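A.B. asks: Dropping the structure in here first, questions after.
The values are calculated or read from the model by the stated rules, or taken from the named source; none is laboratory data. Source: prediction; values computed, not measured. Here the Cβ positions follow ideal geometry from the backbone for every residue, glycine too, while neighbour counts run over all protein chains shown.
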Amino acid sequence: METVIIGTGNQQAIRESVAIAVDHLEKGSIVALPTETVYGLAANALDAKACAKVFEAKERPNFDPLIVHVSGEKMLNSVADIPEEIEDTLSTLINEFWPGALTFILPKKEIVPEIVTSGLDTVAVRRSKNPIFAEIINTLELPIAAPSANRFGSISPTSANAVLCELSGKIPYIIDGGACSEGVESTIIKIESETGRKKPNIQILRPGPVTPEMLKKFGKIEKNHKSKTSSKELTSPGQLDSHYAPITPLRIINSPDTFTPEPSKTYALLSYRGQKKDGYIELCEWKLIETLSPGSGKLPEAAVRFFFALRKLDQLGVDEIISEPIPERGIGIAIMDRLKRASHQSS
C-alpha cells in the first residue's frame, strides 16, 4: 500500500482533503488526521471492523482502549451515558474546555463496539479544536476513534512527515494539517461525585495541556496517573508504563553531577532551555543538543517541541539520549510524564 500525504494549503485543498477523509471513513477505511495535540489514526468509532484496522496498523494490543472524538454534546450523548450526579460538572467543564485537549471517561452506551473500549464499561471521549478535524467529523456526522498515528509505544507524531515515518505502507492517506499546536496528548479525567461534597473529585488519569491548576476550581483534584504494568489495571488510554518511547535508550538525569559519560559511547542531549548554568551542556561532547525552549524556558513551547525533538535525537544513531528534567508544574507535569514513560521510569 502506498501512503499519500494530502496537503491543506488553501481552501480548495482543504475541501478536497475533507472529502477524501470522509469518503474513506464512510467506507470503513482508516486515515491519519491532524488534531491540536498529536496526529490521530482515525476510523469510524461505531464500525468494529474499521477500528480493528487501527489496532492492526499501529500494532496496538487490544487491551489498550481508544479515545472517541465527537463533534459536540449531541454526539457525546449518543456514545456515553452521563450520570445525573456529575451532569452539572461535566457541562461546566465542556463549556470551559471544549473543543480542546480534555478527554472524559464516562459510562459507554451499547452502540460503542467493545474493541474501542477494550471491554471496559466506560468510553474515553473528547472534542478536538483542530479546524480540519472538526470539518471532517461534522461532515461525517459520526464519532471518530483516533489514537495517536504511530506504531504502538513509539514517539507520538506531531507532523504529517512523522506519521509517514511511523506508518508508511500501512495506511492510505495522511491529511497534512501542519504542526500540532499543543504537542502532547490530551488530559484524561474522570469525574466522581461524593455525597455531601459541594465539589466533585476530578481524577487526572493522564496529564496533558489542561493542567491541574486549570481544573482545580471545578473540583478536588486527585492525581491518579501512576504507570500501569498490567492490562487488567488499565482504566483509560495512555496509562501503560512503557510508552511514547524512542528506539534509542533514554535516561533522565535529575542532577548533572550524577552523569559520567562512558568513553566508548555516543550521547545526545534533550535540554530544557539550553543554558550552560543548568550544568548539562558541557558534561560531554554531545553529538547533538536539542533544546525545547531556548533561553528562559517556557513550558508551553517545550511541550510543542517535545516529540519533534525526541524524534530528531532518536534518528541520530547514538548509544543513549540523556534528558534534563522538566519543571513539574503546569504542562511540565505532562512532559515529565511522557519522559518517564519513554525512559521506562515509573511515574
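A.B. asks: If I ask for residues that are touching a strand residue (DSSP E or B) at 6+ places or on another chain (Cβ under 9 Å) and either among the acidic types (Asp, Glu) or not in a loop (DSSP other than H, G, I, E, B) (or both), which ones from segment 234-261 would you list?
C.D. replies: Matches in segment 234-261: LEU240, ASP241, ALA245, LEU250, ARG251, ILE252.
A.B. asks: Taking segment 310-329, which residues are under 14 Å from ILE247 (Cα atoms), crowded, with 19+ Cβ neighbours inside 10 Å and touching a strand residue (DSSP E or B) at 6+ places or on another chain (Cβ under 8 Å)? Reasoning before the result, please.
C.D. replies: Restricting attention to segment 310-329, the residues satisfying the condition of being under 14 Å from ILE247 (Cα atoms) are 310-322.
Checking the rest, the ones that are also crowded, with 19+ Cβ neighbours inside 10 Å come to 310-311, 313-314, 318, 321-322.
Matches in segment 310-329: LEU310, LEU313, ASP314, VAL318, ILE321, ILE322.
A.B. asks: Oh, and also: Suppose the filter is more than 23 Å from ASP241 (Cβ to Cβ) and not basic (Lys, Arg); does SER148 pass it? Steps first, please.
C.D. replies: On the way: more than 23 Å from ASP241 (Cβ to Cβ): no; not basic (Lys, Arg): yes.
No: the conditions fail for SER148.
A.B. asks: Here's another thing I want to ask about it. Scan the strands (runs of 3 or more DSSP E) fully inside segment 114-224 and keep the ones with 3 or more residues being within 17 Å of VAL38 (Cα to Cα) and touching a residue at least 24 places away in the same chain (Cβ under 8 Å). Walk me through it before giving the result.
C.D. replies: Details: elements: 122-126, 173-175, 187-192, 201-206, 220-223.
Once the strands (runs of 3 or more DSSP E) in segment 114-224 are filtered for at least 3 residues that are within 17 Å of VAL38 (Cα to Cα) and touching a residue at least 24 places away in the same chain (Cβ under 8 Å), what remains is 122-126, 173-175.
A.B. asks: Sticking with this structure for a sec: Give the residue, chosen from LYS232, LYS220, that is over 29 Å from ASN130 (Cα atoms) and modelled with pLDDT under 85. Step through it out loud before you land on a result.
C.D. replies: Working: LYS220 fails: modelled with pLDDT under 85.
That would be LYS232, the only listed residue that is over 29 Å from ASN130 (Cα atoms) and modelled with pLDDT under 85.
A.B. asks: Which residues, counting only those in segment 115-166, are within 13 Å of the chain's Cα centre (by Cα) and at positive phi?
C.D. replies: GLY153
A.B. asks: Right, another one. Residue by residue through segment 183-195, note down the ones that are of a type outside the set (Ser, Thr, Tyr) and at pLDDT 95 or above. Don't jump to the end; show me each part of the working.
C.D. replies: Taking segment 183-195 and keeping what is of a type outside the set (Ser, Thr, Tyr), we get 183-185, 188-192, 194.
The answer is VAL184, GLU185, ILE188, ILE189, LYS190, ILE191.
A.B. asks: Going by what's in this entry, would ALA101 be described as more than 24 Å from LEU234 (Cα to Cα), of a type in the set (Gly, Ala, Ser) and surrounded by 15 or more Cβ atoms within 10 Å (Cβ to Cβ)?
C.D. replies: On the way: more than 24 Å from LEU234 (Cα to Cα): no; of a type in the set (Gly, Ala, Ser): yes; surrounded by 15 or more Cβ atoms within 10 Å (Cβ to Cβ): yes.
For ALA101, the condition - more than 24 Å from LEU234 (Cα to Cα), of a type in the set (Gly, Ala, Ser) and surrounded by 15 or more Cβ atoms within 10 Å (Cβ to Cβ) - is not met.
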